[in-house]
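*Asks:* There's a structure below that I have some questions on.
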Amino acid sequence: MTVRNRWGLLAAMAVTLAGAMPAAAQSDPGVTPTTIKIGVFGPLSGPNMAYGFDVIKAAQMWYDKTNQEGGVNGRKIELVIEDDRCTPDGVIAAVKKLVEQDQVFMLNGGSCSAAVLPAKEYVVRNQIPWLTLNASADGALYPPTGYIFGSTSISMHAAGGSVIDFSAKNFGAKKIAFINHDDAYGSWNHEAAAYVADDEKVELTAQSIQPSVTDVTAPLLKVLAGKPDALVIMTYARPAALIVKRAYELGFDKPIILTQTGSANLDQLVENVGTKDAFKNFYVQDVMADVIGGPKIKWVYDMYKTYYPDLAAQPDHPGAYMPYGVVTAQAVVNALKLAGPDLTREKARLAMSTLKFDTGILGGPIEFRPNDPAGNRRTTYEKFDGTNHTMLPGAYESTWVYKAP
Amino acid sequence: MDFDTALIFLEQGVASGIVTGSVYALLAISIVAIFRTTAVANFAVGEIFMAGAYCALYLLVFVKVSPWIAIPATVVVVFGGSALFQAGVLRAVRRSGGPINLVIATLGLSYLLKGVVRQTGFGETPRSFPSLVPNHSLTIGSAFLTWLDLAILTAAMLIMVGFFLMFNYTRLGRAMRALGMNQRAAQLVGVDIGRMNTLIWGLSGALSAAAALLIAPKLLLTADMGTVGTMGFAAAIIGGFSSFPGAVIGGFVIGIAENLVGLFIAAHAIAVTPFVMIILVLVLRPQGIFGGAQEIKKV
């Protein structure tokens with residue numbers, strides 16, 4: 001080889017190595033020097049679109065705001081959005097497309113707990129950080145995997161545990177009647193309710209009913225036979241209305257607390273019960289810092305109106321779950337900021353696992369822990385008399401902790 | 001559980017069970033009426049019941065017509081819809097296929113009705129229409145009942161008595177019985193089979209609509225409320241799939257058993273009670289409590 005050829009070969013090698021270096025520094029898909037690609041999915045159509053449509057809209061507007069303020073460590077957030085129709089097949093298809101075709105950096109999706117669970121194994125196997133949208137997702141969160149985070153609205157465990165805390169502390173209840181469902185959600189919320197009841201030395205009498213129950217007289221009589229100090233209803237909307245109505249007919253006048261599971265449409269609940277007299281001692285579980293339209297969270301609704309004036313003018317918009325979209329997007333943005341400019345999936349998931357911040361929307365902070373990937377453990381409560389909502393002070397916490405069997 | 005509590009539970013279980021059982025009985029009669037005369041198991045009975053409830057909801061709550069118009073209108077609409085289904089769909093299916101195709105057609109109807117209700121958007125949120133009876137209550141012994149409960153029971157009993165009288169003492173009832181015994185012989189004596197089948201389906205639909213009008217204020221309306229049709233089938237199987245009195249007794253048995261199991265065992269056992277009873281009946285007396293002796297038919 002001549003001297004000229006040797007220098008030429010060395011120069012070619014140097015150029016090749018220089019070209020390869022940025023690729024080595026950014027080996028995780030979905031991240032470039034200027035962008036981070038996030039895969040968002042939820043029900044945008046179908047019978048369950050109310051659970052996800054406005055939540056995704058809210059997340060979009062927070063991501064857009066973040067970009068307008070300069071992005072995350074100099075990178076703009078780029079969203080790829082898929083419709084999962086709130087079905088397991090839809091979630092798996094959306095996740096696979098986002099990961100394999102769109103090559104997203106991380107996932108921020110899922111509004112329906114039962115639907116997200118089947119994607120758990122795929123996500124963990126491919127080591128992709130995933131923060132669910134507004135699904136409780138207890139089945140996907142526990143046991144903790146290190147990659148899946150969620151319940152930025154509230155988990156079933158947290159909802160069940162914190163309502164016992166509220167009943168015991170707010171009413172001084174020593175005996176609590178608890179009616180839930182005999183499905184997976186029911187087992188999760190009852191597990192935590194029993195834990196907190198034991199912790200706070202409260203006697204818990206529970207009855208689990210089918211969601212399709214036709215007559216609630218039997219389970220209600222059974223729990224009321226113990227003369228409880230409070231009745232907690234942890235069912236879906238239809239059975240909840242039947243229970244409230246029957247409890248009123250039976251003359252039960254102690255506090256009744258309806259949890260998040262059945263409180264999506266309180267006006268319809270009043271209509272279904274048939275009388276506002278049934279709501280004289282009635283409380284509703286929430287996670288927000290204020291009632292809808294209240295001063296503390298008005299900014300979220302104003303922001304939605306600014307971003308989506310046409311949607312905001314339509315009935316049923318924004319949907320009840322809209323603010324959760326902002327919370328989940330805040331969590332993603334904050335975790336990415338914490339992970340730093342030298343961004344990898346590993347750093348992002350580690351940052352998420354210890355993230356804690358106040359949302360300005362929820363009654364308590366979002367706080368992920370290494371042994372607990374559920375972000376929100378606190379609930380708030382409002383008194384509802386059939387017409388007026390009055391926020392009660394304070395937030396109540398579930399002390400339930402996951403323990404490996 | 002002490003004796004006093006057990007007695008209260010027993011009285012309440014029986015009282016509440018009789019009320020819900022009366023509605024199951026209406027649905028069971030609706031199923032038996034079709035099966036006994038046309039040998040078709042109508043798997044759309046629950047969704048026809050659901051469609052009747054939503055028809056009433058639409059008229060009472062959205063169009064705001066008087067209950068005196070809405071109630072008969074609902075019964076007429078469901079009667080007409082059921083009759084049309086038989087005349088337009090089942091007749092064609094019967095010509096081209098065997099009995100299993102007829103059953104599949106009823107399954108198709110059930111999915112169609114549920115899909116239509118979901119498409120309207122009304123089916124996603126539980127809804128109610130106003131009770132026609134004041135919201136008062138009374139105590140019979142230790143059992144607590146509302147005026148609505150008594151109205152449901154009374155109306156259901158009147159409908160059952162009316163159906164029984166029609167079936168046993170009218171020309172129409174005679175024709176229905178003849179059809180159930182032997183279709184060819186009935187045809188030979190002048191019974192118009194096609195017209196009778198259509199009429200029977202219409203009557204069955206009307207019974208389902210009546211059941212819906214009675215119990216919808218108590219159950220609340222959702223697109224999935226048709227699952228109560230399963231109770232009608234359970235009642236029909238227990239009582240005897242070819243016996244009207246059996247269907248009535250079966251309805252009350254299911255209603256009472258559900259409530260007693262819920263009170264004395266566990267609430268989550270309520271759902272399995274009808275199916276456990278079905279299994280017991282099928283094992284011990286397959287023709288049902290009031291079904292006739294088993295017979296072998298040449299096909």
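Quick note: the coordinates plus some simple rules give every number you see, no bench work behind them. This structure is a prediction, so every number in the text was calculated from the model and none was measured. Heads up, the Cβs are rebuilt from the backbone with ideal geometry, glycines too, and the neighbour counts pull from every protein chain shown.
*Asks:* Of A:Lys96/A:Lys347; A:Lys245/A:Lys280; A:Lys174/A:Lys201, which ones are farther than 19 Å apart at the Cα?
*Replies:* A:Lys96/A:Lys347
*Asks:* How large is the Kirkwood hydrodynamic radius of the range B:3-284, counting all unique pairs of alpha carbons, in Å? Write down the numbers at each step before the final one.
*Replies:* On the way: mean 1/r = 0.0516 Å⁻¹.
Over the range B:3-284, the inverse of the mean reciprocal pair distance is 19.4 Å.
*Asks:* Let me ask something else. With an 8 Å Cα cut-off and a minimum separation of 6 or more residues, compute the relative contact order for the range B:33-87 in percent.
*Replies:* RCO, the range B:33-87: 27 percent.
*Asks:* By Kyte-Doolittle mean hydropathy of at least 0.5 and Cα axial length of at least 20 Å, which whole DSSP H helices of chain B are selected?
*Replies:* B:3-38, B:67-85, B:99-120, B:147-169, B:193-219, B:244-264
*Asks:* Here's something else I'd like to know. If you split all Cα-Cα distances of the range A:113-212 into 5 Å bins from zero, what percentages do you get per bin, shortest first?
*Replies:* 3, 13, 21, 19, 15, 13, 9, 5, 2, 0
*Asks:* How large is the helix-only mean residue ellipticity at 222 nm for chain B, computed as the sum of -39500 (n - 2.57) over DSSP H runs with n ≥ 4, divided by its residue count, in deg cm²/dmol to the nearest 500?
*Replies:* The helix-only estimate for chain B comes to -23500 deg cm²/dmol at 222 nm.
*Asks:* Here is a further query. If you rank A:Lys222, A:Lys65, A:Lys37 by fewest surrounding Cβ atoms within 10 Å, what's the result?
*Replies:* Fewest to most other Cβ atoms nearby, the residues stand as A:Lys65, A:Lys37, A:Lys222.
*Asks:* When only Cα pairs under 8 Å and 6 or more residues apart are kept, what is the percent relative contact order across chain A?
*Replies:* Relative contact order of chain A: 18 percent.
*Asks:* How do B:274-282, B:168-176 rank on mean C-beta neighbours within 10 Å, highest first?
*Replies:* So the order, starting with the most tightly packed, is B:274-282, B:168-176.
*Asks:* May I ask for the angle, rounded to the nearest 10°, between helix A:156-171 and the longest principal axis of chain A, with both axes built from Cα atoms and the value confined to 0 to 90°?
*Replies:* 40 degrees
*Asks:* Extending each Cα 7 Å along its Cβ direction at A:Ser45 and A:Lys76, get the distance between those two points in nm, one decimal.
*Replies:* According to this spin-label approximation, the distance is 2.8 nm.
*Asks:* Shielding of A:219-230 by partners, i.e. mean partner chain Cβ atoms within 10 Å per residue?
*Replies:* Details: counts 6, 2, 10, 9, 1, 0, 5, 0, 0, 0, 0, 0.
Partner Cβ neighbours, averaged per residue: 3.
*Asks:* Whose amide H sits under 5 Å from the amide H of B:Ser137, counting only residues 5 or more places off or on another chain, with H placed in the peptide plane?
*Replies:* Answer set, sorted by chain and number: B:Trp147.
*Asks:* While we're here: How many partner chain Cβ atoms sit within 10 Å of a residue's Cβ in peptide A:204-217, on average, as a whole number?
*Replies:* Taking the mean over all residues of the peptide, I get 6.
*Asks:* Can I ask one more? No other cysteine beta carbon under 4.7 Å away is the test; run it over the protein assembly as shown and list who passes.
*Replies:* Singleton cysteines: B:Cys55.
*Asks:* Averaged over peptide B:117-127, how many Cβ atoms belonging to another chain are found within 10 Å of each residue's Cβ?
*Replies:* Values: counts 0, 2, 1, 0, 2, 0, 1, 6, 10, 13, 5.
Partner-chain Cβ atoms within 10 Å, mean over residues of B:117-127: 4.
*Asks:* Further question: Name all residues of the range B:183-200 having a backbone nitrogen under 13 Å from the label point set 7 Å from the Cα of B:Arg171 along its Cα→Cβ direction, giving them as ranges.
*Replies:* Counting only backbone N, you get B:190-192.
*Asks:* Out of residues 5 or more away from A:Gly375 or on other chains, whose amide H comes under 5 Å of its own, with H placed 1.01 Å from N in the peptide plane?
*Replies:* For A:Gly375, whose amide H was placed from the backbone, the distant partners under 5 Å are A:Gly150, A:Ser151, A:Thr152.
*Asks:* Same structure, new question: Show the residues, 5+ positions off or on another chain, whose built amide H is closer than 5 Å to the amide H of B:Ile289.
*Replies:* Residues meeting the criterion, in which the H sits 1.01 Å from N, are B:Gly239, B:Gly240.
*Asks:* For the pair A:Asp198 and B:Leu112, what calculated FRET efficiency results from E = 1/(1 + (r/R0)^6), where r is the Cβ-Cβ distance and R0 = 56 Å, to the nearest 0.05?
*Replies:* Values: r = 50 Å, r/R0 = 0.89.
The pair B:Leu112/A:Asp198 has a calculated efficiency of 0.65.
*Asks:* Using Cβ counts within 10 Å as a stand-in for footprinting exposure, how do A:Trp62, B:Trp68, A:Trp188 rank, fewest first?
*Replies:* With the fewest neighbours first, A:Trp62, B:Trp68, A:Trp188 line up as B:Trp68, A:Trp62, A:Trp188.
*Asks:* Relative contact order of chain B, please, whole-number percent, based on alpha carbon pairs below 8 angstrom and at least 6 residues apart.
*Replies:* Across chain B, relative contact order equals 36 percent.
*Asks:* For the range B:201-247 and the range A:328-342, what is the separation of their C-alpha centers, rounded to whole Å?
*Replies:* 56 Å
*Asks:* Going by how many other beta carbons lie within 10 Å of each one, how would you line up A:Ile366, B:Ile140, A:Ile56, fewest first?
*Replies:* B:Ile140, A:Ile366, A:Ile56
*Asks:* Once you place label points 7 Å from the Cα toward the Cβ at B:Gln119 and B:Leu188, how far apart are they in nm?
*Replies:* A separation of 4.7 nm, rounded to one decimal place.
*Asks:* Something else now. Angle check, please: helix A:298-307 long axis (alpha carbons) against the longest principal axis of chain A (alpha carbons), in degrees 0 to 90, nearest 10.
*Replies:* 50 degrees
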